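Visitor: The structure follows.
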Ligand code: ARG
Ligand code: ZN
């Protein structure tokens, strides 16, 4: 989630003490004293205030929809921004008092029991922790080795820093199957997304024999981490990094393109930025980034009969369908809306979690260059962006205890999609 453009000259950093990092000497970004506020935008003048504060680099935005917005207030700006809000009579709801404290508590190490289990299993993946890319890739390779009849893993390209973009395929090999492409981890800081996608992989691969016919009759393709460079960077240096890590031509040395603004359908439109320093920088041209290029080339060149594409993000609890680039919908929007509603219903049945269903431009804001729009433009009928939990209580810093329940209810949503494909 991220909207509103940023002007030239914005840097998104908190104060940075020097900390020795396990793998690099880069300074670890410290969010001590930074806060997250939920602000109602019912009064339209609020948006102007927020834009001004952002231009002055006192805040950045986390998420939002048409009625409220979550903002990150930098530690050295809390007093100042509080005064501005009081002067403008904008009510303040502090959601996170100290962001660094939340970050420190988010992903505690596994206990001794878990580590022992890990050692015996042949891979290190769990759904009790957010894992590094090495564990995720090790898990995928383990499944391919253990279930060679149904699971295969291929690298579809490399990230800018040279990490593999690993796709895991699960298939019984029947030539009549429809295919579904699922990805996660496009935005580096949205850790619940790769955790959820790997949960699906684990469920289908480990239990394939006893899975439903709906699941078995689909060729599944999973790319759990579209943006491995950014993902590793959020583990090592800046927990709130969003973009990839490819340097830009910016004179100010700004790094990174928003991969979800770089896809080549209506690229360059609203809700994307030409400014390399922006969080929603669209890149120098459509598919200028190795990650979006590899993903789209793979789908285009594949012989698989892709009928659905789902990209998992966080947060907000939305089931979004095209178009994202402008506030309009495709001709078959009723089909997308209806299936979205049924998926949301299955999610809700699990443990009561509510998702809103609608077009992404209608429910959130226009944002051009998204992978969902591109997939739809390629004729993949059921194209969705799913914004996982939560709705802002923890935001991106979702504690590990949420992984299992979020993934489990999401799987129930996915089963409804599978049953729809079985029908049509
Ligand atoms: N939060 C997502 C983003 O900003 C939403 C993307 C929805 N899709 C779209 N094409 N705008 O990237
Ligand atoms: Zn995202």
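The values are calculated or read from the model by the stated rules, or taken from the named source; none is laboratory data. Predicted model only: the values in this text are computed from it and were never measured. Note that each Cβ is placed from the backbone with ideal geometry, even for glycine, and that neighbours are counted across all protein chains shown.
Visitor: Under the condition of being out of contact with any strand residue (DSSP E or B) (no Cβ under 7 Å at 6 or more places or on another chain) and modelled with pLDDT of 95 or more, which residue from region 175-194 is farthest from ligand 2 (Cβ to nearest atom)?
Guide: Step one: of region 175-194, the residues out of contact with any strand residue (DSSP E or B) (no Cβ under 7 Å at 6 or more places or on another chain) are 175-176, 185, 188-189, 191.
With modelled with pLDDT of 95 or more added as a condition, the list becomes 185, 188-189, 191.
On the way: 185: 9, 188: 9, 189: 8, 191: 11 Å.
Once the filter is applied, the top-ranked residue is 191.
Visitor: Taking region 176-202 only, how many residues are touching a helix residue (DSSP H, G or I) at 6+ places or on another chain (Cβ under 9 Å), more than 15 Å from ligand 1 (Cβ to nearest atom) and in a strand (DSSP E or B)?
Guide: Final tally of qualifying residues: 4.
Visitor: Let me ask you something else. In this structure, is residue 205 modelled with pLDDT of 95 or more, buried (at least 24 other Cβ atoms within 10 Å of the Cβ), away from ligand 1 (no atom under 16 Å from the Cβ) and part of a helix (DSSP H, G or I)? Steps first, please.
Guide: Values: modelled with pLDDT of 95 or more: yes; buried (at least 24 other Cβ atoms within 10 Å of the Cβ): no; away from ligand 1 (no atom under 16 Å from the Cβ): yes; part of a helix (DSSP H, G or I): yes.
When the stated conditions are applied, residue 205 does not pass them.
Visitor: For region 252-262, does any single residue satisfy the condition of being assigned to a helix (DSSP H, G or I) and under 30 Å from residue 171 (Cα atoms)? Steps first, please.
Guide: So the first thing to find is which residues in region 252-262 are assigned to a helix (DSSP H, G or I), and the list is 259-261.
So of that shortlist, the ones also under 30 Å from residue 171 (Cα atoms) come out as 259-260.
Yes: region 252-262 contains one or more residues that are assigned to a helix (DSSP H, G or I) and under 30 Å from residue 171 (Cα atoms).
Visitor: For region 102-123, what are the residues that are free of Cβ contacts under 8 Å to residues at least 24 places away in the same chain and within 22 Å of residue 189 (Cβ to Cβ)?
Guide: Residues of region 102-123 that are free of Cβ contacts under 8 Å to residues at least 24 places away in the same chain, as a first pass: 104, 109-121, 123.
Result: 104, 109, 110.
Visitor: Another question about this same structure. Within region 52-100, which residues are in contact (Cβ under 8 Å) with a residue 24 or more places away in the chain and out of contact with any strand residue (DSSP E or B) (no Cβ under 9 Å at 6 or more places or on another chain)?
Guide: 55, 57, 66, 76, 84, 88, 100
Visitor: Could you please let me know if residue 402 is in contact (Cβ under 8 Å) with a residue 60 or more places away in the chain and within 12 Å of ligand 1 (Cβ to nearest atom)? Let's see the steps before the verdict.
Guide: Working: in contact (Cβ under 8 Å) with a residue 60 or more places away in the chain: yes; within 12 Å of ligand 1 (Cβ to nearest atom): no.
No.
Visitor: Pick out, from region 322-424, the helices (runs of 4 or more DSSP H) lying fully within it that include 1 or more residues that are at pLDDT 95 or above and over 25 Å from residue 178 (Cα atoms). If you could, list the steps in order and put the result at the bottom.
Guide: Numbers: elements: 333-351, 360-363, 371-377, 403-423.
Those helices (runs of 4 or more DSSP H) span 333-351, 360-363, 403-423.
Visitor: What's the number of the only condition in (1) in contact with a strand residue (DSSP E or B) (Cβ under 8 Å, 6 or more places away or on another chain); (2) surrounded by 12 or more Cβ atoms within 10 Å (Cβ to Cβ) that residue 115 fails to meet?
Guide: Here residue 115 meets the rest and fails (1).
Visitor: With respect to residue 171, is the statement that it is in contact with a strand residue (DSSP E or B) (Cβ under 9 Å, 6 or more places away or on another chain), more than 16 Å from ligand 1 (Cβ to nearest atom), free of Cβ contacts under 8 Å to residues at least 24 places away in the same chain and within 29 Å of residue 289 (Cβ to Cβ) true?
Guide: Spelling it out, it is not the case that residue 171 is in contact with a strand residue (DSSP E or B) (Cβ under 9 Å, 6 or more places away or on another chain), more than 16 Å from ligand 1 (Cβ to nearest atom), free of Cβ contacts under 8 Å to residues at least 24 places away in the same chain and within 29 Å of residue 289 (Cβ to Cβ).
Visitor: Looking at 340, 392, 370, can you tell me which residue is in contact with a strand residue (DSSP E or B) (Cβ under 6 Å, 6 or more places away or on another chain) and within 16 Å of ligand 2 (Cβ to nearest atom)?
Guide: Working: 340 fails: within 16 Å of ligand 2 (Cβ to nearest atom); 370 fails: in contact with a strand residue (DSSP E or B) (Cβ under 6 Å, 6 or more places away or on another chain).
Among 340, 392, 370, only 392 is in contact with a strand residue (DSSP E or B) (Cβ under 6 Å, 6 or more places away or on another chain) and within 16 Å of ligand 2 (Cβ to nearest atom).
Visitor: Do we have any residue at all in region 258-275 that's within 16 Å of ligand 1 (Cβ to nearest atom), within 16 Å of the chain's Cα centre (by Cα) and over 23 Å from residue 383 (Cβ atoms)?
Guide: no
Visitor: Please state which of the following conditions residue 327 fails to meet, knowing it meets all the rest: (1) in contact (Cβ under 8 Å) with a residue 40 or more places away in the chain; (2) within 16 Å of ligand 1 (Cβ to nearest atom).
Guide: (1)
Visitor: Now, a different point. Of everything in region 159-175 that's part of a strand (DSSP E or B) and under 19 Å from the mean Cα position of the chain (by Cα), which residue is surrounded by the fewest Cβ atoms within 10 Å (Cβ to Cβ)?
Guide: From region 159-175, those part of a strand (DSSP E or B) are 164-170; that's our starting set.
Now restrict to residues that are under 19 Å from the mean Cα position of the chain (by Cα): 164-168.
Details: 164: 18, 165: 21, 166: 21, 167: 23, 168: 25.
Per the stated criteria, the residue is 164.
Visitor: Tell me, please, whether a residue that is more than 20 Å from residue 194 (Cα to Cα) and touching a helix residue (DSSP H, G or I) at 6+ places or on another chain (Cβ under 8 Å) can be found in region 396-413.
Guide: Start the filter on region 396-413 by keeping residues that are more than 20 Å from residue 194 (Cα to Cα), which leaves none.
No, region 396-413 has no match at all.
Visitor: Restricting attention to region 282-321, which residues are in a helix (DSSP H, G or I) and within 16 Å of ligand 2 (Cβ to nearest atom)?
Guide: First pass over region 282-321, keeping only residues in a helix (DSSP H, G or I): 290-301.
Listed by number, the residues that qualify are 291, 292, 295.
Visitor: Looking at the structure I just gave you, is residue 141 assigned to a helix (DSSP H, G or I) and farther than 23 Å from residue 401 by Cα? Don't jump to the end; show me each part of the working.
Guide: Working: assigned to a helix (DSSP H, G or I): yes; farther than 23 Å from residue 401 by Cα: yes.
For residue 141, the condition - assigned to a helix (DSSP H, G or I) and farther than 23 Å from residue 401 by Cα - is met.
Visitor: It is to be established whether one or more residues within region 356-377 are buried (at least 19 other Cβ atoms within 10 Å of the Cβ), away from ligand 1 (no atom under 12 Å from the Cβ) and in contact (Cβ under 8 Å) with a residue 60 or more places away in the chain.
Guide: Scanning region 356-377, I find no residue that is buried (at least 19 other Cβ atoms within 10 Å of the Cβ), away from ligand 1 (no atom under 12 Å from the Cβ) and in contact (Cβ under 8 Å) with a residue 60 or more places away in the chain, so the answer is no.
Visitor: Residues of region 222-243 being farther than 17 Å from residue 263 by Cβ and assigned to a strand (DSSP E or B), which ones?
Guide: 222
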